[in-house]
Amino acid sequence: MTDSHKNSPLDGAKPRVRFAPSPTGYLHVGGARTALFNWLYARHFGGTLILRIEDTDLERSTEEMVEGILQGMRWLGLDWDDGPYFQTKRMDIYRAAGVKLLASGHGYYCFCTKEQLEDRRAKATAEGRPPKYDGACRKISREEAERRKNAGEAAAVRFAVPESGVTFFDDAVFGRIEFANSELEDFVLLRSDGGPTYHLSVVADDVDMKITHIIRGADHISNTPKQVLLYQALGAALPVFAHVPLILGPDKTRLSKRHGATSVISYRDLGIVPEAFRNFLALLGWTPPQTAAGTNEATPEILSDTQLIQLFGLDGISRSNAVFDNDKLAWFNTEYIRAYSAEKLLPLIEEEWTKAGMRVDTRDGNWLLSTIDLLKPRARNLKDFATSFRAFFTDDYPSDPAAIEKFLKDGNIRKMLGELADLYAALPEFTEAETERVLRELATAKGIKAGALINGARVALTGQGVAPSLFAVMMALGKERTVKRLQKLN
RNA sequence: GGCGCUAUCGUCUAGGGGUUAGGACGUGAGAUUCUCAAUCUUAAAACACGGGUUCGAUUCCCGUUAGCGCUACCA
């Protein structure tokens, strides 16, 4: 029995979780995993997943990125129950929260300009002091602050952090984490333009949306005490925090563009099957409960979405960062492709053909399906069907020079393959057994190894040195194409 | 720099005061063969370091080191 929500303030009630990306970039791998964990958690407990777009950074947020994020989630098969909400459309909520905080004395006006703050910060670091806001405006009396504000002076609203004491929270993954309040600075709640800052908008929204569990990246751990303070100041119950360790690149630094593909959608373009990606991602930083404790039985890693949902829980999340391993992703992908039926694969493959500009004759459905079945055990990704396997679906395919060099450079072999073509043309029954028999007999007659003929024929038929069993290839190509391609050698 | 978090094979991880430290991906070797993949067999591969606590620490505590995160009127 997994019962990871035992810490919930709403014990027994259905959890309400959210995925709250900022549309300042595409949906990256880390964000996708956060979304996945939230999704799995919601589905496991029959709770609600809310999608909220945190677009309060007007400078950097774009509509295009919003679409990119939604597209990424759809590709991964992650659906949400509510939203998407846009923070830019919920300004009233944040302003109301700001007013409330101001009224209760938890917030105060700050008239410092950006330039002043930067100067002070620079000076502080230069002098070796922590670059914390010095609380200058906190000393201004409320009357004076109101007067200046009403006089039209630009003012931000800051949160008055208690000068002493400790703020803590019990993280579902990391356990209790404490921060000395003296380490926290009087952070900005409302910018001088009236817009909310991250801390205010998240908390106001999470309270308003009755979020019970906040599952997010561990990069937010340091932000959490400020938010805890905000919950307390607002008189709201604390949700369960579950911070998820970060995903790193092979060099163990935070995954970024430098490491190649970081956008989820780029994995689609690489020919990765979404289910494989999802399975791989789920196991990055989370381990399902052991099947039977004490047994050496291997815990399976290929897990369907149903199994993932059933098994998922916060207690399986690890505390250390994880390196993104492309090799393992590739393995998941081949496993999924191999397990898929040809029917399921076909539409995915057709997309690849379209992308590659290939025109494939799809009239003979049975032939298509059996050819896919022949090929899929050695496919590494969906693109293979438009690249390495191209010769199976169209007559317009390239030949690998290295393969020719290796198996077809001998003129005698080419000549023999030409003879083979004639034998095949005259063959009444073009079957796997017959084609093999004829080839082997020819090899014996010529006094060479069958393998030499087989390998040469493979290159002639597929343009590749690598392909399935030759006679199966011939059946997939059919008599006409087989003969024609063999004849072309001379 | 300050604060916070983390530390088991190359990678993802299981485990936990006494174990041959388990699995998966990857890697090596062999078998098979018609190339490649698959498959089967098999091999190599880890408890960061130093102090405690203890009869006994990889496991618990402290420190060191390293890595990561945060340190904005970004999110």
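The values are calculated or read from the model by the stated rules, or taken from the named source; none is laboratory data. Since the model is a prediction, treat every value here as computed from it, not as a measurement. Cβ sites come from the backbone with ideal geometry, for glycine too, and all protein chains shown count toward neighbours. Surface areas here come from the heavy atoms of the whole protein model, side chains and all, with no ligands, DNA or RNA. Shrake-Rupley method; radii C 1.70, N 1.55, O 1.52, S 1.80 Å.
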Does any residue in the range A:82-98 that is under 22 Å from A:Gly235 (Cβ atoms) come within less than 6 Å, Cβ to Cβ, of a residue that is part of a strand (DSSP E or B) six or more places away or on a different chain, and which pairs are these?
A:Tyr94/A:Pro196; A:Gly98/A:Val157; A:Gly98/A:Leu189; A:Gly98/A:Leu190
Going through the range A:167-186 one residue at a time, which ones are touching an Asp or Glu at 6+ places or on another chain (Cβ under 6 Å) and either open to solvent by 60 Å² or more (accessible area, probe 1.4 Å) or assigned by TED's automatic domain parsing to the domain that holds A:Ile317 (or both)?
A:Phe168, A:Arg176
A:Ala403 versus (1) more than 9 Å from RNA strand B (Cβ to nearest atom); (2) at pLDDT below 90; (3) closer than 27 Å to A:Met358 by Cα; (4) assigned to a helix (DSSP H, G or I): which is the lone unmet condition?
(1)
Do we find a residue being open to solvent by less than 20 Å² (accessible area, probe 1.4 Å), of a type in the set (D, E, K, R) and more than 31 Å from the chain's Cα centre (by Cα) anywhere in the range A:131-145?
no
Residue in the range A:116-130 that is in contact (Cβ under 8 Å) with a residue 24 or more places away in the chain and within 12 Å of RNA strand B (Cβ to nearest atom) present:
no
Anything in the range A:223-269 that is out of contact with any helix residue (DSSP H, G or I) (no Cβ under 8 Å at 6 or more places or on another chain), at pLDDT 95 or above, open to solvent by 20 Å² or more (accessible area, probe 1.4 Å) and within 13 Å of RNA strand B (Cβ to nearest atom)? List them, or say none.
none
A:Ser8 meets each of (1) at pLDDT 95 or above; (2) open to solvent by less than 20 Å² (accessible area, probe 1.4 Å) with one exception, condition (1)
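Going by what's in this entry, would A:Ala282 be described as under 28 Å from A:Val203 (Cα atoms), assigned by TED's automatic domain parsing to the domain that holds A:Asp205 and either open to solvent by less than 60 Å² (accessible area, probe 1.4 Å) or near RNA strand B (Cβ under 9 Å from one of its atoms) (or both)?
Values: under 28 Å from A:Val203 (Cα atoms): yes; assigned by TED's automatic domain parsing to the domain that holds A:Asp205: no; either open to solvent by less than 60 Å² (accessible area, probe 1.4 Å) or near RNA strand B (Cβ under 9 Å from one of its atoms) (or both): yes.
Answer is no for this residue.
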Got a sec? Which helices (runs of 4 or more DSSP H) wholly within the range A:237-346 have at least 1 residues that are among the basic types (Lys, Arg)?
A:264-269, A:274-282, A:326-339
Name the single residue that is farthest from A:Thr435 (Cα to Cα) among those in the range A:408-425 being open to solvent by less than 50 Å² (accessible area, probe 1.4 Å) and part of a helix (DSSP H, G or I).
A:Gly411
Subset of the range A:115-143 [modelled with pLDDT under 90 and among the β-branched types (Val, Ile, Thr)]
A:Thr125
Can you tell me which residues in the range A:334-354 are in contact with a Leu (Cβ under 9 Å, 6 or more places away or on another chain) and either open to solvent by less than 20 Å² (accessible area, probe 1.4 Å) or of a type outside the set (Asp, Glu) (or both)?
A:Ile337, A:Tyr340, A:Ser341, A:Ala342, A:Leu345, A:Leu346, A:Leu348, A:Ile349, A:Glu352
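Looking at A:Asp410, A:Asp373, A:Asp396 in this structure, which one is in contact (Cβ under 8 Å) with a residue 40 or more places away in the chain and not hydrophobic (A, V, I, L, M, F, W, C)?
Just one listed residue meets the conditions, A:Asp410.
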Could you tell me which residue of the range A:359-393 is farthest from RNA strand B (Cβ to nearest atom), considering only residues that are surrounded by fewer than 18 Cβ atoms within 10 Å (Cβ to Cβ) and part of a loop (DSSP other than H, G, I, E, B)?
A:Arg363
Any idea which of (1) among the aromatic types (Phe, Trp, Tyr); (2) open to solvent by 20 Å² or more (accessible area, probe 1.4 Å); (3) in contact (Cβ under 8 Å) with a residue 40 or more places away in the chain is the one A:Trp331 doesn't satisfy?
(3)
So A:Leu49 clears everything in (1) in contact with a Pro (Cβ under 7 Å, 6 or more places away or on another chain); (2) away from RNA strand B (no atom under 12 Å from the Cβ); (3) closer than 17 Å to A:Met209 by Cα; (4) at pLDDT 95 or above except one condition, right? Which one?
(1)
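Quick test for you: out of A:Ser192, A:Ser201, A:Ser164, pick the one residue that is assigned to a loop (DSSP other than H, G, I, E, B) and either in the same structural domain as A:Gly285 (by TED's automatic domain parsing) or near RNA strand B (Cβ under 8 Å from one of its atoms) (or both). Spell out how you get there, then give the answer.
Values: A:Ser201 fails: assigned to a loop (DSSP other than H, G, I, E, B); A:Ser164 fails: either in the same structural domain as A:Gly285 (by TED's automatic domain parsing) or near RNA strand B (Cβ under 8 Å from one of its atoms) (or both).
Of the residues listed, the single one that is assigned to a loop (DSSP other than H, G, I, E, B) and either in the same structural domain as A:Gly285 (by TED's automatic domain parsing) or near RNA strand B (Cβ under 8 Å from one of its atoms) (or both) is A:Ser192.
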Let me confirm something: among A:Glu153, A:Glu118, which residue is open to solvent by less than 100 Å² (accessible area, probe 1.4 Å) and within 40 Å of the chain's Cα centre (by Cα)?
A:Glu118
